[in-house]
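The values are calculated or read from the model by the stated rules, or taken from the named source; none is laboratory data. Owing to the predicted nature of the structure, the values given are computational and were not obtained by experimental measurement. Ideal geometry is used to build each Cβ from the backbone, glycine not excepted, and the neighbour counts take in all protein chains shown.
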Amino acid sequence: MSRPAERPALRDPALLPRLAITLFALVLLWPGLELAEFDVGALFDARGLETLGRFVASFLPPETSTEFLQLVAQATLQTLAMATAGVALAAVLAFPAALVASRALSISRIGPGRGRWLGEALRLPVRWLLIVLRSIPEIVWALLFVRAVGLGPAAGVLAIAINYSGMLGKVYFEIFESGDTRPARAILETGGGRLVAFGYGIFPVALPELVSYSVYRWECAVRASVVMGFVGAGGLGQQMDLSMKMLAGGEVATILIVFFLLVLLADTVSGILRRTVA
Amino acid sequence: MSRRPSAVTGVAPWLVLGFMATAVAASFWYLALDLSGILSREGLDQMVRFAGGFFPPELSPGFLRQVGWGTLETLAISAVGTLLAVLVGIALAVPGAGRVGRWARLPSRLVLNVLRSIPEVVWAALMVLAAGLGPFAGTLALASHTAGVLGRLFAEALENAPSEPTDALRHAGASPIVTFCYGSLPVVMPQLLSYTLYRWENNIRMATVLGVVGAGGLGQMLFVSLSLFKQDEAATVLIAMLLIVGVVDALSAVLRRVLSRSGT
């Protein structure tokens, strides 16, 4: 052991600025804490704590009665079907939108042609529409569709279809533009139509990526369709919401376990599919 | 992503496409979606009437002020939630990176995994039970999920950090806390900061919607407006949400460009 006198002075040269920055951040943060109604006391409120304690304690053991498991199995299938149908619809909506929005098929861009502004005037609104569709999150779409078409999986499917068509559309047209556009351009320059140029010049090369990204989105949709159930759009989420409102911890635990397994399954399936295609 | 010039070749891709087509058909069959009902005259009429209720958006000064406060509340939820997550994340990442001892590594990794794999909305529903309706529940929900995400990233950053500075400090007789603060923290700080900013960006987006299950912010306003059939108010809230997302996207793009320019 060295004696204290022999040790170098334990002085941090950067101490003052660091302290100042921390203090400054805390002062900035204070209104935030107020706004977020930050109140640790509320967490330790005796009554709330007791309810929560009983709820969390009832997580174990998970509910395994045959009747409930059947219910969960149905909800799981519904979740999977919602995700699949939603992404399929989204792809159907996104594909034509991407065709319109893509600059890869623009004839007016090849030469000093006329109609350049017309082309942009057509493309931009579609791009903006895609931005709006994907900027409103799926759970908000689900909330809206639940009001419009009623509770149940239909709202979830529509929400996924609308939200994901915005994302897929953007990625699709980026794939069209980022690939090798020379074949398509050659076809256009020799007088071929746009659809012919797309079908022979772009689509064959882009297909693996299109499929790969759509499958990845399907994986996200499985996760999202669980979440959307909380606003009443069917599937596992709705079941979990019900069980939570009844404070049935065992049921919540079972659903959480099934949810993890489902996400794992979706991960694996999507990985296999994408490796095969790409 | 590999970009091969060759198009689809072999049998396997066609099998995949066939499998996917079957899955889609089976899903529509299983759900027995009444698309014809939705796309029928009546269904569409109802939808159009519902959508028409959103115009024009409610723009009275009183409501705009409310939306302004809702926006601030949303930002506060995301900021405080992320900050809490950083604290909890570091507290769990240090043992998770094996800094405390072998025995502590697996349990903390397990906790991080559980925190991370429960989605924010589920956390929010749980926290509404624990802390009551309102922004505090949303803050805790964001903090819980984000702590799992950041904790794992932090742990990886700590494990990948070079060990020479810490070794040098330890050999010179520094205490473990000093070793961590002056040996590891400065090395991983840029990474921690960029992960934290990235998650904050995500959390702002998340905080706008968490309220849908009662966790405060703009989402809760949207839910309340829709429940009261005040679609015009809901439209204003939706516009505010779009603006937040747009501004955050633009700011982060600018920030990223500036940082990457000064970084290299």
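Structural remarks
- Selection of the range B:219-242 for residues being facing another protein chain (nearest Cβ under 10 Å) and hydrophobic (A, V, I, L, M, F, W, C) yields B:Leu222, B:Phe223, B:Leu226, B:Phe229, B:Ala234, B:Val237, B:Leu238, B:Met241, B:Leu242.
- Looking across the range B:130-156 at every residue that is more than 9 Å from chain A (Cβ to nearest Cβ) and surrounded by fewer than 24 Cβ atoms within 10 Å (Cβ to Cβ), the one that is farthest from B:Val187 (Cα to Cα) is identified as B:Leu133.
- Members of the range B:114-172 found to be among the acidic types (Asp, Glu) and either outside the structural domain of B:Leu193 (by TED's automatic domain parsing) or over 19 Å from A:Ala253 (Cα atoms) (or both), listed by number: B:Glu156, B:Glu159, B:Glu164, B:Asp167
- The listed residue being part of a helix (DSSP H, G or I), more than 13 Å from the chain's Cα centre (by Cα) and either at pLDDT below 85 or of a type in the set (A, V, I, L, M, F, W, C) (or both), out of B:Ala124, B:Ala168: B:Ala168
- Hey, B:Thr236 farther than 30 Å from B:Arg99 by Cβ and over 17 Å from the mean Cα position of the chain (by Cα) or not: yes
- A residue that is in contact with a Lys or Arg (Cβ under 6 Å, 6 or more places away or on another chain), surrounded by fewer than 24 Cβ atoms within 10 Å (Cβ to Cβ) and not aliphatic (A, V, I, L, M) occurs somewhere in the range A:209-232.
- Inside the range A:165-189, residues that are part of a helix (DSSP H, G or I), within 14 Å of another protein chain (Cβ to nearest Cβ) and touching a residue at least 24 places away in the same chain (Cβ under 8 Å) make up a count of 8.
Let's see how each residue does on (1) β-branched (Val, Ile, Thr); (2) out of contact with any Asp or Glu (no Cβ under 6 Å at 6 or more places or on another chain); (3) away from every other protein chain (no Cβ under 11 Å):
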position: A:Ala206; (1), (2), (3): no, yes, no
position: A:Glu209; (1), (2), (3): no, yes, no
position: A:Val231; (1), (2), (3): yes, yes, no
position: A:Asp241; (1), (2), (3): no, yes, no
position: A:Ala248; (1), (2), (3): no, yes, yes
position: A:Val258; (1), (2), (3): yes, yes, yes
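- Filter result (of a type in the set (Phe, Trp, Tyr) and assigned to a helix (DSSP H, G or I)) within the range A:53-104: A:Phe55, A:Phe68, A:Phe95
- Any pair with Cβ under 8 angstrom, 6 or more apart, that starts in the range A:62-89 at a residue that is facing chain B (nearest Cβ under 8 Å) and ends at one that is in a loop (DSSP other than H, G, I, E, B): A:Gln78/A:Gly234; A:Met82/A:Ala233; A:Met82/A:Gly234; A:Ala85/B:Leu33
- Look at the range A:1-26: where a residue is farther than 17 Å from B:Ala174 by Cα and a partner is surrounded by 10 or more Cβ atoms within 10 Å (Cβ to Cβ) and at pLDDT 80 or above, sitting 6+ places away or on another chain with Cβ atoms under 9 Å, you get A:Ala25/B:Leu83.
- Single residue of the range A:45-100 satisfying the filter (among the hydroxyl-bearing types (Ser, Thr, Tyr) and within 23 Å of the chain's Cα centre (by Cα)) that is farthest from A:Phe173 (Cα to Cα): A:Thr76
- All positions within the range B:17-49 that are facing another protein chain (nearest Cβ under 7 Å) and at pLDDT 80 or above: B:Ala23, B:Val24, B:Ser27, B:Phe28, B:Tyr30, B:Leu31
- Residue that is farthest from the other protein chains (Cβ to nearest Cβ), among those in the range B:109-129 that are surrounded by fewer than 21 Cβ atoms within 10 Å (Cβ to Cβ) and not charged (D, E, K, R): B:Val111
- Candidates in the range A:23-60 are the residues that are under 14 Å from B:Gly134 (Cβ atoms) and charged (D, E, K, R); of these, the one that is modelled with the highest pLDDT is A:Glu34.
- Within the range B:159-175, being surrounded by 12 or more Cβ atoms within 10 Å (Cβ to Cβ) and either without any contact (Cβ under 8 Å) to a residue 24 or more places away in the chain or touching a strand residue (DSSP E or B) at 6+ places or on another chain (Cβ under 6 Å) (or both) holds for B:Ser163, B:Pro165, B:Thr166, B:Asp167, B:Ala168, B:Leu169, B:Arg170, B:Ala172, B:Ala174.
- Per-region count, the range B:56-103, residues touching a Lys or Arg at 6+ places or on another chain (Cβ under 7 Å) and within 12 Å of chain A (Cβ to nearest Cβ): 1
- Hey, B:Ser78 surrounded by fewer than 22 Cβ atoms within 10 Å (Cβ to Cβ), within 14 Å of B:Ser144 (Cα to Cα) and assigned by TED's automatic domain parsing to the domain that holds B:Leu226 or not: no
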